Each structure stands twice: as structure tokens, then as C-alpha cells.
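Everything on this sheet refers to the single structure shown next.
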Amino acid sequence: MLASEIAQSLAERLSHIRRDFHMHPELSFKEFDTSSKIAKILTEAGIEIVDHGLSTGVVGLLRTGKPGPTIALRGDIDALPIEEQNDVEYKSRVPGVMHACGHDIHTTVVLGAALVLSKMKDQLTGNVKFLFEPAEEINAGAKAMLDAGVMENPHVDAIFGVHNQPDIPAGMVGVKAGALMAAVDTIGISVSGVGGHGALPHRTVDPIVAGAAIVLNLQTAVSRNTSPLEPLVVSIGTFQAGTANNVIPDRVQMTGTVRTFNPELRDAMPSTLSRIVENTAQALGATAQLSYRRDLPAVINSKEYANIAAGAVVAVCGEGNVVDPVPSMGGEDFALFLEKAPGCFLWLGVGNRERGIVNQWHHPRFDADESSLPVGAAVLAQCVIDTNKFLKK
Ligand code: NI
């Protein structure tokens, strides 16, 4: 049987599995029940659980016993602190916690691929590793897994990951060679002035006015310093200052996020932004400093594996169902796995306009069309089968 046929035969079970995860979401690094459910399903399918000393998250290993490559599939498993507003029978049973990013979908489709591949073991060589990552939402899970050595013993030669995408209809999958999701960095800015009476601004150095000028001037990093053909976002998310309406404070604190695709542009950002921050403050008599923290690299899919993934989508979904997606300035810590092994991150279509399944990630009414579950499972399984053939050559 083909991977797609086996996956279709599992459709009802996958929906049941997904709803169980959806009803019992757990926050980052608290995925204890989720992890034990995953381990149970893998174990029942004859897949070994490898203990890497992780408190949550699961690593499964399907050994064929034949020499060959090790190919990994990764799904993240954590939920968000959001109160679900969907009125569905499988609504979250945990107040204030919801699978609003669809990691229940990712967990289910990677489990589905494991179930499919466990039945197709004789067509494979080497090993398949299943990485169920905790704490993706706080950008910590991939790092924890890599520190625990999940890409070794056996060494992973190629990796695929998946995120649902409500903007893509169920039955279609987005595949893109090159940059798909942005590098994520965090900035902090502190502005110092001289406080005083709001009625006597000439006797102060107003850090709020300097801070406001900094916020505006930072946008020139995007519009005047960077090619219009090169994606860049600089957003200030917090701006904190002051204690009373008639007091000019002596300090402003800001934090923000910087998103890039191009690694060279990313490397240039600390000096570009520092120059704007420090000199804008200086022009107004204040002083300011920028701190810059590199959080995650961009998700950059290899051409070879994007080709394999596109072929897998055609095999499972048919011609015309590979979407060339518009990349997102959102980040994904799957990027850290791609630094260790080449691979491809796919966007699984879960949208369904007629059924009102249109809300984006982190929305309290986020949902997914469950017909995407066997599709995702089959596509990932097919990616493994085709990569296995490709690496054997
Ligand atoms: Ni997510």
C-alpha cells in the first residue's frame, strides 16, 4: 500500500488523537501528559523511545535494522495561554490554555507519519527519528533538544518539519526552497535624560521626546538603509516611562523585535540600529543604548529537500496542490535543527473558507480542517521514503 492509502485508513484515529491533544493542551515545558500519550502511541506501533533526559518532549526511533541514513521528522507539542472561544465538542477542557497555534495538528501528523512508516518499514533502510519538541512557543524547545543530543546516536542526515497554515486550503501544502520564516532577534533600548517638572521642560532633558524620536528614526533602518527588495521588520513592542502626567521622567525603557531573512543584513543590524539609537538621543541632549540579542536564525529550506517535499506533496495530494507560499516574518525554532542537518519545513494547509476555518495562529478561534491530518501524515511519510531513496544513491 502507498503511504497516502495507509494514512487515509488512519483518518478517524488521527482525528481522535488530535481531539484528545486539543482538549488537554499543556503549556511550554509542562507537556507531561502529552509526552506520555505520544510515547504510548509510538511504543504500541513498535517504535523505540530514546531517553535523552528531557523532562518533556519525546524522541522516537524506528530502526529498520538495515544500514542506511537517519531521517528525522519534527513536530512541536506545546499550547498557548489563550482562552479558547471556539464552540466545538473538542474545545479545550483547560481554562486559559489552548492549542491556538495548532501544535496538536503537528503532534498528530508526525505521529501519523510514524504509524504509516512503521507499516512500511520493509521499504526503508537506516532509521527514522521522530522528534516531539516541547516549548516551541517560548523559543526554548529546539535548543533543549539539541543540547540533549537528539540529532546524534544515530546522527540525523536530513530533517523535515511541519507547521499548519490556515491561509492554505486543506488538501494543499506550501513548499518553498530558501527562506520561509524569518530570523528573530530581540532589542532593548534605554534612554537617559534629566527629569523634572512637566511645566519646565527647558530645565530637563526629556527622554520621552528622545525615545519617541528613536522609535520613528528606527524605521529609517528599514526604509533608508536597506534595499526595498530585502525583507526587514523593526518593531517596538514596549515603551515604558514616567509616573505622573506632570513629571518628566529621567528614563525610558523599550523592547522590540527585529526580523530578517538575509544573514548579512541580520549581522549588520546591531551597528545600524545602535547608530540610530545613540545619535538620535545625542541630537536631543540625551543618551541611549541598544542591547541586541540574537534569538533564532531564519528557516532556510535546502533546494534538494524542498524538491523532495514538493514531489511528496504531488504523490499524496496530486498535481496542482503544491503551493508556493509567501514567506512569513514570523520565526520558528525549527531553524536550529536546520543548522545541524539539511531539510525542509513545510506548511500544511488546514484552512477551509466554507466552514469558517480562516483564523490565523494564536487567535482564540483558531481551528483546522481535520482532513489535513492524513494528508500531513502521508506527506511526511512520503518525504522520509523519498529521502531514504535519495540518500541511498
Ligand atoms: Ni506554532
- Query: Along the positive direction of the dipole of segment 1-160 (beta-carbon charges: Lys, Arg +1; Asp, Glu -1; about the Cα centre), which of Ile138, Ala113, Phe29 reaches farthest?
  - Reply: Ala113
- Query: What's log10 of I(q)/I(0) for segment 286-346 at q = 0.15 Å⁻¹, Debye sum over Cα points only, no solvent?
  - Reply: -0.58
- With +1 on the Cβ of every Lys and Arg and -1 on the Cβ of every Asp and Glu, the dipole magnitude of segment 28-121 about its Cα centre, in debye rounded to the nearest 20, is 580 debye
- Note on the structure: For Arg259, Arg294, the accessible-area ranking with a 1.4 Å probe, largest leading, is Arg294, Arg259
- Task: Identify the residues of segment 277-292 with backbone N under 11 Å of a label point that sits 7 angstrom from the Cα of Gln219 along the Cα-to-Cβ direction, or state none.
- Result: none
- Query: Taking only C-alpha pairs under 8 Å that are 6+ residues apart, what is the relative contact order of the chain in percent?
  - Reply: 25 percent
- Message: Given the DSSP H assignment, sum -39500 (n - 2.57) over each helix run of at least 4 residues in the chain and divide by its residue total; what's the result at 222 nm in deg cm²/dmol, nearest 500?
- Response: -11000 deg cm²/dmol
- Message: Restricted to Cα positions, what overall size does segment 1-120 have along the principal axes? Three whole-Å values, descending.
- Response: 48, 35, 20
- Task: Using the Cα centre as the reference, give the magnitude of the dipole from point charges on the C-beta atoms of segment 46-182 (Lys, Arg: +1; Asp, Glu: -1; all else neutral), rounded to the nearest 20 debye.
- Result: 600 debye
- Query: In terms of Cα to Cα distance under 17 Å, which lysines are near enough to Lys30, apart from those fewer than 8 places away along the same chain?
  - Reply: Lys143
- Message: Filter Lys91/Lys340; Lys119/Lys392; Lys66/Lys303; Lys129/Lys176; Lys40/Lys91; Lys66/Lys340 down to the pairs with a C-alpha to C-alpha distance above 32 Å, please.
- Response: Lys91/Lys340
- Total charge of the residues flanking Asn359 in space, meaning their Cβ is under 11 Å from its Cβ, with Lys and Arg +1 and Asp and Glu -1, is -1
- Query: Over all distinct Cα pairs, what is the inverse of the mean 1/r for segment 226-352, reported as the Kirkwood hydrodynamic radius in Å?
  - Reply: 18.3 Å
- Query: With every protein chain left in place, what is the accessible area of Lys340 in Å² (1.4 Å probe, nearest 10)?
  - Reply: 120 Å²
- Average Cα contact separation per residue, segment 1-67, under 8 Å, 6 or more apart, as relative contact order %: 22 percent
- Task: Give, in nm to one decimal, the length gained when the segment between Val326 and Ala283 is fully stretched (0.36 nm per residue of separation minus the Cα-Cα distance).
- Result: 11.5 nm
- Message: How big is segment 180-235 along each principal axis, measuring the range of its Cα positions in Å and listing the largest first?
- Response: 50, 21, 12
- Taking all pairs of distinct Cα atoms, average 1/r, flip it, and tell me the Kirkwood hydrodynamic radius of segment 313-393 in Å to one decimal place. 14.9 Å
- Item | Approximate spin-label separation Arg251-Ala148, in nm, with each point projected 7 Å along Cα-to-Cβ | 3.8 nm
- Query: By how many nm would the segment from Glu12 to Gln360 grow when fully extended, if each residue of separation counts as 0.36 nm and the alpha-carbon distance is taken off?
  - Reply: 122.8 nm
- Segment Thr238-Glu319, extension gain: residue separation times 0.36 nm, minus the distance between their alpha carbons: 24.5 nm
- If you line up the Cα atoms of segment 136-251 on their principal axes, what length do they span on each, largest first, in Å? 67, 36, 28
- Message: Cβ neighbours within 10 Å, averaged per peptide: list 352-359, 172-179 in order, most packed at the top.
- Response: 172-179, 352-359
- When each pair of different Cα atoms in the chain is counted once in the 1/r mean, what is the Kirkwood radius in angstroms, to one decimal? 22.4 Å
- Query: Remind me, relative contact order of segment 152-245 in percent, using alpha carbon pairs under 8 angstrom and six or more residues apart?
  - Reply: 15 percent
- To the nearest 0.05, how large is the calculated FRET efficiency for Ser271 and Glu89 if R₀ is 56 Å and r is the Cβ-Cβ distance? 0.55
- Item | Ordering of 217-225, 277-285 by burial proxy (mean other Cβ atoms within 10 Å per residue, highest first) | 277-285, 217-225
- Taking the Cα centre of the chain as the origin, how large is its charge dipole in debye, to the nearest 20, when only Lys and Arg (+1) and Asp and Glu (-1) carry charge on their Cβ atoms? 540 debye
- Grab the other residues whose beta carbon is less than 14 angstrom from that of Gly53, score K and R as +1, D and E as -1, and report the net. -3
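The values are calculated or read from the model by the stated rules, or taken from the named source; none is laboratory data. Source: prediction; values computed, not measured. A quick note on method: Cβ atoms are made from the backbone with ideal geometry, for glycine too, and the neighbour counts reach across all protein chains shown. Heads up: the accessible areas ignore ligands, DNA and RNA and are worked out on the full protein's heavy atoms, side chains in. Shrake-Rupley method; radii C 1.70, N 1.55, O 1.52, S 1.80 Å.
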